[in-house]
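The structure appears right after this line, and notes come after that.
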Amino acid sequence: MFKNILVPTDGSPQSESAVRRVVTFAKEAGARITAFHVKPVYSSSSTPGDPALNDSLASSQLTTPDEFEVIAEKRAQEILSFVDTLCKEVGVPCTKQTETNDSIHEAIIYAAKQNGCDLIFMASHGHKGLKSLLLGSETNKVLVHTTIPVLVYR
């Protein structure tokens, strides 16, 4: 039924749980996975202690947009490697993609269309605390704005 599943992930425990499930789902369906991570956009107000940044970015001593991009890409590849490793273990084809964007839901929808995905499989929430509310709303925005089927994993 599904041939190419977009799996947006932020590296949170909730997202990793969804990844574990979608790999099994894809194996059973004979589908491939497109693992996707949205990197944060550099802002002059982005500081090492900024709660809007993920842990690896927040703990860095950022001084330039170029350094920010290098660190964000490194973190994105670590997150996507988790998906790739699980896929390789069970023989599910996987491609990895990142994008820098301040509109997470738009990036997810665009990536799904660009890659010809016929399903978006995502966690209901990402990071904990206040960030959880924001990422939960991103899931809701994807549901509202896409015509591609979305499976939300709790």
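Quick note: the coordinates plus some simple rules give every number you see, no bench work behind them. Owing to the predicted nature of the structure, the values given are computational and were not obtained by experimental measurement. Positions of Cβ are backbone-derived with ideal geometry, glycine not excepted, and every protein chain shown enters the neighbour counts.
For the residues V38, V152, what sequence is obtained by ranking on other C-beta atoms within 10 Å, fewest first?
V152, V38
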Note the full-extension length gain between T147 and T85 as 0.36 nm times their separation in residues minus their Cα-Cα distance, in nm to one decimal. 19.4 nm
Pairs to check: K74/K113; K3/K141; K27/K88; K27/K113; K3/K113. Give those whose C-alpha atoms are more than 18 Å from each other in this structure. K74/K113; K3/K141; K27/K113
Under a straight-distance cross-link criterion of Cα-Cα below 19 Å, which aspartates and glutamates are reachable from K96, leaving out those fewer than 8 residues away in the same chain? D10, E16, E69, E73, E78, D84, E106, D118
So S43 and T64, fully extended at 0.36 nm per residue minus their Cα-Cα distance, gain in nm 6.6 nm
